[in-house]
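As structure tokens, the structure follows; a few thoughts come after it.
The values are calculated or read from the model by the stated rules, or taken from the named source; none is laboratory data. Here the structure is a predicted model, which means the values were calculated and not measured. Every residue, glycine among them, receives a Cβ derived from its backbone with ideal geometry; neighbour counts consider all protein chains shown.
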Amino acid sequence: MKIERRSLLGLAAVAAAGAARPALACQAVGAPSASALAPPDPAEVIRLWPNGAPGGEGVSVTPIVPERSTDPAFHDRYAQYTTDPILTVFRPERPNGSALLLIPGGGYRWAVLDKEGYDVARVFAASGTTCFVLRYRLPADGWAAGADAPLQDAQRALRLIRSRSADYGVNPAKIGVLGASAGGHLAGLASVRTDATYDPVDASDTVSLRPDLTVLMYPVATMADPFVHAGSRAHLLGDAPSAERVAAYSLERMDWTGAAPVFLLHAMDDGAVPVENSLLLLSKLKAAGVPAEAHLFQEGGHGFGVRLIRGRPAEVWPDLVRAWGRRLDFAL
């Protein structure tokens, strides 16, 4: 089975010139040491749609991957106007048989690749989980599926991972999803929706499109006032969505019966996505009989990932997720 490989930096080269990080070809006097440089990106990449993403006839955007970090010790990139969705693969040295699809946030305006993607993937790959970071399409870029375009990518990604599980030493019944912020909303949709949002492409589309476990970090859950993240709603549904559209994309209003176990984590002082998003969803999960666990931290703000929470109480969240997974016989 063919798995395509190419450098993500090669993909980023098609972005605006300001996106590229200056090359460090040699160690000059006063330059950072090798240990102070951000780790290299994995070279293994899987294209989701071998013949192009569906419904792209009206799409004319040009992909960009800008770099926001000025510190060579870490990257802070985001992908915008994605037209060729991909999975970036983080293979552990000693696979434990589980896999995670990581869906970073970005308010459905872009996808934050490093903070909620690659950085988190390295943490869980270090304990044996094979990780796949999703670079997904955005709903306002002209795709025929509109608000369902990102979900098409998430569903296709889960099916590709499951259909190729033997290639990665992964148990096809141990495939989880971890989403952050708006990526948490997308991960929630992938967990609760049972309908395929695209026509089958190949044999991979015969396997299940739902995850076996779900982790939601400070998720955008509701599309309704007063707790909605207005930017995510606008980029997903437009400036003035109908009440029906709002209800159709609010996770706390959907039927979660039969969904996989869910882990929620949120900071009480989150000023971007109010903690009520997790609380509303937790109440819905409880009513639906879905096994769920929630951890609320007094401080942490929004979008902390793993790097921005070091030295603070919420730093323990990966260990809490692993402990929860062990109780479910799901190594992470």
Q) Mind checking which pairs have a first residue in region 313-332 that is closer than 18 Å to residue 298 by Cβ and a second that is hydrophobic (A, V, I, L, M, F, W, C) and surrounded by fewer than 22 Cβ atoms within 10 Å (Cβ to Cβ), Cβ under 6 Å, 6 or more apart or different chains? A) 315/309
Q.
Name the single residue that is farthest from residue 170 (Cα to Cα) among those in region 197-213 being acidic (Asp, Glu) and in contact (Cβ under 8 Å) with a residue 60 or more places away in the chain.
A. 199
Q. Could you count how many residues in region 229-249 are surrounded by 21 or more Cβ atoms within 10 Å (Cβ to Cβ), not aromatic (Phe, Trp, Tyr) and not in a helix (DSSP H, G or I)?
A. 1
Q. Does region 96-119 contain at least one residue that is crowded, with 23+ Cβ neighbours inside 10 Å, at positive phi, in a loop (DSSP other than H, G, I, E, B) and polar (S, T, N, Q)?
A. no
Q: Mind counting the residues in region 148-206 that are of a type in the set (Val, Ile, Thr) and assigned to a loop (DSSP other than H, G, I, E, B)?
A: 4
Q: Look at region 45-63 and say how many of its residues are in a strand (DSSP E or B) and crowded, with 18+ Cβ neighbours inside 10 Å.
A: 2
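Is it the case that some residue within region 11-20 is exposed (fewer than 11 other Cβ atoms within 10 Å of the Cβ), at pLDDT below 95 and either in contact with a helix residue (DSSP H, G or I) (Cβ under 9 Å, 6 or more places away or on another chain) or farther than 21 Å from residue 306 by Cβ (or both)?
Of region 11-20, the ones exposed (fewer than 11 other Cβ atoms within 10 Å of the Cβ) are 17-18.
Add one more test, that the residue is at pLDDT below 95, and what stays is 17-18.
Applying the additional criterion that residues be either in contact with a helix residue (DSSP H, G or I) (Cβ under 9 Å, 6 or more places away or on another chain) or farther than 21 Å from residue 306 by Cβ (or both) yields 17-18.
The answer is yes; a qualifying residue exists.
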**Q.** Residue in region 67-94 that is nearest to the chain's Cα centre (by Cα), counting only those that are assigned to a loop (DSSP other than H, G, I, E, B) and closer than 18 Å to residue 158 by Cα
**A.** 85
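Residue-wise test of (1) touching a Leu at 6+ places or on another chain (Cβ under 7 Å); (2) modelled with pLDDT of 95 or more; (3) more than 25 Å from residue 97 (Cα to Cα); (4) β-branched (Val, Ile, Thr).
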{"site": "271", "(1), (2), (3), (4)": "no, yes, yes, no"}
{"site": "290", "(1), (2), (3), (4)": "no, yes, no, yes"}
{"site": "323", "(1), (2), (3), (4)": "no, yes, no, no"}
{"site": "327", "(1), (2), (3), (4)": "no, yes, no, no"}
Q: Just give me the residues in region 207-228 being assigned to a loop (DSSP other than H, G, I, E, B) and among the hydrophobic types (A, V, I, L, M, F, W, C), in sequence order.
A: 207, 209, 220, 221, 223, 224, 227, 228
